[in-house]
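What follows is one structure encoded as structure tokens, with my remarks underneath.
The values are calculated or read from the model by the stated rules, or taken from the named source; none is laboratory data. None of these values were measured; they are calculated from a predicted model. Ideal geometry is used to build each Cβ from the backbone, glycine not excepted, and the neighbour counts take in all protein chains shown. For the accessible areas, the whole protein counts, side chains as well, though only heavy atoms, and no ligand, DNA or RNA atoms are used. Shrake-Rupley method; radii C 1.70, N 1.55, O 1.52, S 1.80 Å.
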Amino acid sequence: MDNTTISKMIHCMHGSINKIYCMCYWGRDDGRVRNLGKTPNNVHLNIKNVLTPFNYKNDNTFLGFNMDVLCQKNPVRKYEAYGVLWGKDIEFIDLNLVRHLCRRGVKFYATSQTPVTIDGVTNLGILPKRKWYQLLSDCKFVLGSGHPKSGPTILEALYYKTALIGPKAQFPHDTHNANTHFIDGLSSDEVFNIIQKVKFEPNSKVDELCSSDSFNKRIDAIFDL
């Protein structure tokens, strides 16, 4: 249930509150759990019943996504193996870094609302989900500049075996693996060197985040199935 319907359900329910779960992207602490409401017996939702898309290493419970259900298989390539600029708004993109990389021959696709007017960048605008998944499947890497933090793009890219490059704080801790490359404190030339060498490396951390088997095991554990 979401934070609107859950408070109504808690207020009027007669069964066990432990059978109510709140899905919250950023998670909730004790104070924000109490804001959801309480039963007539002054009982609040258990903080463990707050389910999150990433493992934030807090008192909530990591659920994640079933990526096989959300994403589609793309057997035929439609886009070039360029980089993708991460961010639907142009203010989330480090334009100076992109200019430098393009001058050195790197090519990008941009999916921002405002076009990126830099030679070497192909502007696609906001894509529907099917085309966005096709792009992530075909591209070589995704370049972030710090925002947005977290976001489904991380899991979508890893699902399609596409490397991620960006500041460390942009990636929740449980997504740190051999395919998330951090650029904090690096010069533009050093970022270029990462791009030149980048390739996807299968590993157990990606399997844990993206496989249906891992998701189903979490479902079984959370709901005691």
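Somewhere in region 38-51, is a residue crowded, with 17+ Cβ neighbours inside 10 Å, part of a loop (DSSP other than H, G, I, E, B), within 26 Å of the chain's Cα centre (by Cα) and modelled with pLDDT under 95? Checking region 38-51: not a single residue is crowded, with 17+ Cβ neighbours inside 10 Å, part of a loop (DSSP other than H, G, I, E, B), within 26 Å of the chain's Cα centre (by Cα) and modelled with pLDDT under 95. Would you check if Val69 is in a loop (DSSP other than H, G, I, E, B) and either open to solvent by 60 Å² or more (accessible area, probe 1.4 Å) or among the hydrophobic types (A, V, I, L, M, F, W, C) (or both)? Spelling it out, it is not the case that Val69 is in a loop (DSSP other than H, G, I, E, B) and either open to solvent by 60 Å² or more (accessible area, probe 1.4 Å) or among the hydrophobic types (A, V, I, L, M, F, W, C) (or both). May I ask you to list the residues in region 133-149 that are surrounded by 17 or more Cβ atoms within 10 Å (Cβ to Cβ) and either among the polar types (S, T, N, Q) or out of contact with any Gly (no Cβ under 8 Å at 6 or more places or on another chain) (or both)? Hits for region 133-149 are Tyr133, Gln134, Leu135, Leu136, Ser137, Asp138, Ser145. Being of a type outside the set (A, V, I, L, M), open to solvent by less than 60 Å² (accessible area, probe 1.4 Å), part of a helix (DSSP H, G or I) and at pLDDT 95 or above is a property that Tyr109 lacks. Residues in region 180-225 that are open to solvent by 30 Å² or more (accessible area, probe 1.4 Å), touching a residue at least 12 places away in the same chain (Cβ under 8 Å) and part of a loop (DSSP other than H, G, I, E, B) were compared, and the one that is farthest from Val69 (Cα to Cα) is Asp184. Among the residues of region 147-175, just one is at pLDDT 95 or above, in a loop (DSSP other than H, G, I, E, B) and either over 28 Å from Gly105 (Cβ atoms) or touching a Pro at 6+ places or on another chain (Cβ under 9 Å) (or both), namely Lys161.
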